[in-house]
Amino acid sequence: MGLQRLQKVIAEAGIASRRKAEKLIQEGRVTVDGEIVTKLGTKVDTFSNITVNGEPIERESLHTYLFYKPRGVVSTVSDDKGRKTVVDYFQDLPYRLYPVGRLDYDTSGLLLMTNDGELANLLMHPRNKVAKVYVAKIEGQLQPEEIKRLSRGIEIEHHKTAPAKVKVIRSDQKKKMQIVQLTIYEGHYHQVKRMFKAVGHPVKKLARERYSFLTLGNLVSGKYRELSHAEVDRLKHVD
Ligand code: URA
């Protein structure tokens, strides 16, 4: 791994964002091999013993997986109702993975799982506007005016959504439903369902088919594959 900047190592351990890690260092709350270090940019190696607020940080090698989340699974690390969680699918791996963001219990599709805290922070930060592409089966048919409202931004419970892309894939007049692709660049709680509900078309079924430049490819539901270094690098440089 070679030498790395202290704040980067702390951020990668998932303890804090890089900015917060810098603050922790400056406040004298970080030690390296028993010495308090307050200088930003101090270099450490794989064998340095680092503590933050007196607690040793754990340094696993970093791994990120692209997972096809099935419906009927929660996107948390544990569930108080005993339901199956996304982490259950990774039991055989020796890493403490967690999801990057969330998909609802009844939503399927692409979910990244990682132990790279810095990557997760970066991808989830609203400033970075990572594209998420969803396919929704909705009740009724969107009217041109509703498509405009969804694309421009719409009020959903005290929040106005950022501009989005809307593409009608298929309409079924008889069944009174439509399949719509929606691309959003933020990730508020139940955002897609709330956006469609706000224009009067409740979502019946939802899946995420793309996250940034990543798609599910040939993956089947419940399976995952590890991202390559090149893919992780690309994710880190997406804007
Ligand atoms: N928006 C939703 O409403 N649900 C999801 O699972 C993801 C985005």
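Select from the range 2-22 the residues that are assigned to a loop (DSSP other than H, G, I, E, B) and in contact with a helix residue (DSSP H, G or I) (Cβ under 9 Å, 6 or more places away or on another chain) and write down the one among them that is most open to solvent (accessible area, probe 1.4 Å).
Filtering the range 2-22 for residues that are assigned to a loop (DSSP other than H, G, I, E, B) and in contact with a helix residue (DSSP H, G or I) (Cβ under 9 Å, 6 or more places away or on another chain), the one most open to solvent (accessible area, probe 1.4 Å) comes out as Ile15.
Would you point out which residue out of Lys176, Lys137 is more than 16 Å from the ligand (Cβ to nearest atom) and either assigned by TED's automatic domain parsing to the domain that holds Val232 or in contact (Cβ under 8 Å) with a residue 24 or more places away in the chain (or both)?
On inspection, the qualifying residue turns out to be Lys176.
Consider only pairs whose beta carbons are under 7 Å apart and that are at least six residues apart or on different chains; among these, list those whose first residue lies in the range 20-43 and is outside the structural domain of Glu118 (by TED's automatic domain parsing) and whose second residue is open to solvent by 100 Å² or more (accessible area, probe 1.4 Å) and assigned to a strand (DSSP E or B).
Gly28/Ile36; Gly41/Arg5; Lys43/Arg5
May I ask you to list the residues in the range 52-95 that are among the β-branched types (Val, Ile, Thr) and at pLDDT 95 or above?
Val52, Thr64, Val73, Val74, Thr85, Val86, Val87
Restricting attention to the range 180-236, which residues are assigned by TED's automatic domain parsing to the domain that holds Asp116 and touching a Pro at 6+ places or on another chain (Cβ under 6 Å)?
Answer for the range 180-236, where residues must be assigned by TED's automatic domain parsing to the domain that holds Asp116 and touching a Pro at 6+ places or on another chain (Cβ under 6 Å): Ser221, Gly222.
Picking from Leu123, Leu150, Leu110, which residue would you name as being out of contact with any Pro (no Cβ under 6 Å at 6 or more places or on another chain), closer than 24 Å to Gly200 by Cα and within 16 Å of the ligand (Cβ to nearest atom)?
Matching residue, one of Leu123, Leu150, Leu110: Leu150.
The values are calculated or read from the model by the stated rules, or taken from the named source; none is laboratory data. All values derive from a computational prediction rather than experimental measurement. We place every Cβ from the backbone using ideal geometry, glycine too, and count neighbours over all the protein chains shown. Just the protein is used for accessible areas: all its heavy atoms, side chains included, with ligands, DNA and RNA removed. Shrake-Rupley method; radii C 1.70, N 1.55, O 1.52, S 1.80 Å.
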